[in-house]
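Submitted below is the structure of interest, expressed as C-alpha cells.
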Amino acid sequence: MRALMLDFQPRRRASAFGWSLLLVGLLVGAVGLWTHLQLDAQEQQAHGRLRQAEGQLHGDSESTVGLSPAESREQAARMAEMRRISAQLRRPWERLFAMLEALPRDQVALLSLTPDARKGQVRITAEAKDLEAMLEFHRQLESSAELSDVSLLNHEVDAKSAEHPVQFNLQASWEVGDAHP
C-alpha cells in the first residue's frame with residue numbers, strides 16, 4: 001500500500017498585492033517618523049528662540065551672543081524705549097492730577113500738561129486772567145508736594161483782548177518718591 005499524503009492547508013505563496021501592501025505600510029510609517037522628527041526639531045528651535053527672547057527681556061547678557069553689532073544696537077534701542085515707556089507708566093499720575101484739580105482755578109485755566117518721565121519734569125501751559133493770578137498759580141505749584149523747582153519759561157499778555165489775559169508756560173521737576181527705577 002501506498003502512503004497517503006493529506007494536505008489540509010495548502011501552502012500559500014506570497015502574492016504581489018501582499019508585498020505591495022507591506023511596502024506601502026512601511027513607507028507610510030517612515031514618512032510619519034520623518035515628519036515627527038522634523039516637527040520635533042522645529043519645536044526645539046522655537047523653544048530656543050523663546051528662551052533667548054525671555055533672556056533678552058530680562059536683560060541677560062548671554063542671550064545677545066549670536067547677534068550682529070547692528071542687531072545689538074537695534075535691540076538696545078528697543079530696550080531703552082521699553083524702559084522709557086515703563087518709567088512713564090510707573091509715574092504717580094493720580095497724585096499729579098489730584099493736586100492740579102485741587103488748586104483753585106477760578107483765575108487760571110490749564111491748557112496742556114506735557115510730562116517728560118526721562119527728565120522727571122512736567123511742562124504746564126495755562127492762561128491766567130492777569131499777572132497776579134499767574135504769579136499766585138506759580139507759588140501754589142511751588143509749594144505743592146508733587147512739584148518742585150517751578151520756573152516760568154515764558155509768558156505773553158494778549159493786548160487785543162479787553163481782559164488782557166496772560167498765556168504762560170511753566171516747567172517743574174516732578175518728584176516721585178515711590179516709583180521704582
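Give the residues of segment 146-169 that are surrounded by fewer than 16 Cβ atoms within 10 Å (Cβ to Cβ) and in a loop (DSSP other than H, G, I, E, B), sorted by residue number.
Within segment 146-169, D158, A159, K160, S161, A162, E163, H164 meet the criteria.
Okay, moving on. Within segment 1-116, which helices (runs of 4 or more DSSP H) (wholly inside it) include 3 or more residues that are at pLDDT below 90, at positive phi and among the acidic types (D, E)? Before you say what the answer is, go through the steps one by one.
Details: elements: 16-58, 69-89, 93-102.
Counting at least 3 such residues, we get no helices (runs of 4 or more DSSP H) at all.
Can you tell me which residue is surrounded by the fewest Cβ atoms within 10 Å (Cβ to Cβ) among those in segment 97-145 that are under 14 Å from F168 (Cα atoms) and of a type in the set (S, T, N, Q)?
For segment 97-145, the residue satisfying everything is S112.
Next question. Could you give every pair whose Cβ atoms fall below 7 Å, whose first residue belongs to segment 126-145 and is at negative phi, and whose second residue is part of a helix (DSSP H, G or I) and at pLDDT below 90, counting only separations of at least 6 or pairs across chains?
Going by the 7 Å Cβ cut-off, the qualifying pairs are S144/M99.
The values are calculated or read from the model by the stated rules, or taken from the named source; none is laboratory data. Predicted model only: the values in this text are computed from it and were never measured. Glycine also receives a Cβ, built like all others from the backbone with ideal geometry; neighbour counts cover every protein chain displayed.
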